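Everything below concerns the one structure shown next.
What follows is calculated from the coordinates using simple rules that are stated; it is not laboratory data. Keep in mind that this is a model prediction, so the values were computed, not measured. Glycine also receives a Cβ, built like all others from the backbone with ideal geometry; neighbour counts cover every protein chain displayed.
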Amino acid sequence: MKKILRLGGLLLVAVFLAMQFFQPERNSGEVTAAHLYRQTQVPPGVQRMLNNACMDCHSNQTNYDWYHRLALVSWLISQHITEGKQELNFSEWGSLSVIDRIGLLEDMSGEVKRGAMPLKSYSFIHHEARLSTAQVDSLAEWIRHYQEGLLLPVSE
Amino acid sequence: MHALNKITCWEVFTGAPNYSSDGWAFNCEIMIKQAHLFVLLMALPGATAAFAQEAPKPEKITYPMPGQVKTVMINKCYDCHYDGERDEEAKAGLNFNTLDQLGKIKQLAVFSNIQKEIEKGAMPPKKFVTKYPKAALTKEEADLLVEWVKKESAALLKQ
């Protein structure tokens, strides 16, 4: 009986170790001119908020912690990043039309006000990603300001 | 004899196989014809009601749009995207009853989302379309809506 348990334990460890060989591709791209921060002036306070709460899943530059390398966590995170970037990628902001920018900004405002973003699983671990009401308000205010700016020059 | 006919007739009607041909077959044919007529007559008022309900209700969408576009929006989108919808998320994403009262930024955002949802094939929702295949947008309808949304947002942007 003891032997079987020990064997089972060993097997589990082996499977866990084997899993580590299957690492998803890392999301660590270069920051280019298409990045939101290079497309428009974003106030430092808003940048800090976006960096802390959004950029890990919505840009080509994820800040990995050590445990993100562990399989299961790494797979889950990779999934979030892929899906998150499909909806919104701040690193490729420059390729969006004015209309899509206005639309995504509106969605950002809505998601954050509803408390749907950042994802609960993320803010559970990352305390600095929990946004206060004041922070949400300042994000919304910057968004409104930016949207109005986008309307002014008829660029297309 | 009569009762027997009825029973066998029911069997014929429902596709039950073994029956003999000793005179009741003729009766049976008449009965089946009568039954069909009966069903047709019963169904008629229901059918007209359904037809009347499906006729476009253009006054419900107040945002100006070409008739063809409006018809598609009413038939394929309106029922989940108006004041009476219980799903708050659906209403927040698009509400035809308030669309024309929104500011330009909000309208542009709605149009951008409509285009995205249609291009992704995400509206009407997949689950709904699986259950009611007729609810799906045809390729022509999808193209029509996307074309209009694009034109309308470009025009709004220039205003």
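Please rank B:THR71, B:THR138, fewest neighbouring Cβ atoms within 10 Å first, as an exposure proxy.
Numbers: B:THR71 16, B:THR138 10.
Going from least to most buried by this count: B:THR138, B:THR71.
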Peptide A:10-23, shielding by other chains (average Cβ, 10 Å cutoff): 0
Averaged over A:103-112, number of beta-carbon atoms from partner chains that fall within 10 Å: 4
Region A:1-83: chymotrypsin sites (Phe, Trp or Tyr not before Pro) falling in loop per DSSP and having at most 15 other Cβ within 10 Å: A:PHE21, A:PHE22, A:TYR64
Overall form of region B:67-158 per C-alpha gyration tensor (a/c, 1.5; a/b vs b/c): oblate
Cα coordinate range in region A:82-156, projected on the principal axes (Å, largest first): 42, 29, 17
Whole-Å distance, taken between Cα centres, linking region A:15-62 and region B:115-154: 32 Å
Amide H contacts under 5 Å for A:GLN61, placed H, 5+ residues apart: A:GLY29
Residue-wise HN-Hα coupling along region A:81-91, computed from phi with Karplus coefficients 6.51, -1.76, 1.60 (Hz; x: Gly, Pro): 5, 4, 5, x, 5, 4, 7, 7, 10, 5, 6
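For region B:67-158, with only Lys/Arg (+1) and Asp/Glu (-1) charged at the beta-carbon, what is the dipole magnitude about the Cα centre, in debye rounded to 20?
Values: 16 positive and 14 negative charges, 39 e Å.
Charge dipole, region B:67-158, about its Cα centre: 180 debye, nearest 20.
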Cβ neighbours within 10 Å from other chains - mean over B:110-119: 3
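If each DSSP helix of 4+ residues adds -39,500 (n - 2.57) and the sum is divided by the residues in chain A, what number results at 222 nm, nearest 500 deg cm²/dmol?
Details: 8 runs with 93 residues, N = 156.
-18500 deg cm²/dmol, from helical runs alone.
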Charge dipole (region A:2-151, unit charges on Cβ, about Cα centre) - positive-most of A:HIS127, A:PRO44, A:HIS58: A:HIS127
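How many percent of all Cα-Cα pairs in region A:2-151 sit more than 22 Å apart?
On the way: 5283 of 11175 pairs.
So the portion of pairs separated by more than 22 Å is 47 percent.
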For region B:95-107, 3J(HN,Hα) per residue [Karplus equation, 6.51 cos²θ - 1.76 cosθ + 1.60, θ = phi - 60°, Hz, x = Gly/Pro]: 9, 5, 6, 10, 3, 6, 9, 6, x, 4, 4, 5, 4
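Give the peptides B:90-99, A:133-142 in descending order of average Cβ contacts within 10 Å, highest first.
Details: B:90-99: 17.2, A:133-142: 14.6.
Ranking the peptides B:90-99, A:133-142 by packing returns B:90-99, A:133-142.
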Using θ = phi - 60° and Karplus 6.51 cos²θ - 1.76 cosθ + 1.60, couplings along region B:118-131 (whole Hz; Gly, Pro as x): 5, 5, 6, x, 8, 10, x, x, 3, 4, 5, 5, 5, 6
